[in-house]
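Worksheet for the structure shown next.
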Amino acid sequence: MKLDITLINDLKEIILSSVFKVLGVIAYVIAAWLILKIILIVFKKALKLSKISVLNEKINENDFIKSFQVEIKLGAILLFFIKWISVLIIIIIGADIFGMDKVSSGVGEIISFLPTVFAALLIVLAGIFLGSYFRNALKKMLSSFDISGSNSISTVVFYIVLVLTLIIALNQLGVNTAIITNNLTIILGAALAAFTIAFGLGSRDVIQRLIFGFYSRKNFEIGQRIRIKKQEGIIVHIDNITLILQTEDKKIVYPIKKIVNQKIEILE
């Protein structure tokens, strides 16, 4: 029986083609691995030159992040994204070279989504810093007015800002947040109304002290010699809360609201 030469030649071509394809895949994987290593080395050096460690320290000094007792390594996060974006790009190129169109299109969709995830993370990080800034600023302002509960009020403001930025981040990811937004609007509206009423009732004394302080500073000044009843001395301090009078042998602290109702003689 004669062997079919055509069948043998076809089988030979298939084997050779498969061998060359396998060798091509191995060569591509080795080349891709080397390229990936070079990319990561370049970006590591670039991150060191950019002094990202300074920003990293500021992030980890944030009170909210400290509360989780975790250390955020911004450089490692950036390298993670760079590494996997590079890997996915290498996979797409390899899939196109070796005719795997479905793999190429699937990985392409993943790559197109990664920048969206990164942007959402940046939004959350910005929200944490913005909320912390508003919390600290509001806390200082309320404390200067001697309003009780300044810490609680400023913390609530921080979480409101954080929740709003989380909603924006979810929208960035394509999540439908309409239900969350509608319910949150109602809750925030009710909370704001309650806070406004409580703050308005609780701040009457503060406003009164501000008016008294303005009146006192308009009529008196530090270094001025005055007499209050039988006490004679020099004004050494005056603000919205107190007036301090230095007599010959002692300092007397007068509440500012009593100063307004006192008969005071200006001696010089």
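The values are calculated or read from the model by the stated rules, or taken from the named source; none is laboratory data. Keep in mind that this is a model prediction, so the values were computed, not measured. Every residue, glycine among them, receives a Cβ derived from its backbone with ideal geometry; neighbour counts consider all protein chains shown.
Tallying residues that are exposed (fewer than 15 other Cβ atoms within 10 Å of the Cβ) and outside any helix (DSSP H, G or I) within segment 37-65 yields 3. Among the residues of segment 48-77, the one identified as farther than 21 Å from PHE118 by Cα and touching a residue at least 60 places away in the same chain (Cβ under 8 Å) is ASP63. Could you please give the count of residues in segment 13-47 that are free of Cβ contacts under 8 Å to residues at least 24 places away in the same chain and not β-branched (Val, Ile, Thr)? Matching residues across segment 13-47 total 13. Test ASN171 against the criterion of being farther than 30 Å from SER17 by Cβ and at pLDDT below 85, and give yes or no. Judged against the criteria, ASN171 is not a match. In segment 66-75, the qualifying residues are those that are surrounded by 13 or more Cβ atoms within 10 Å (Cβ to Cβ) and assigned to a helix (DSSP H, G or I), and the one that is nearest to the chain's Cα centre (by Cα) is LEU74.
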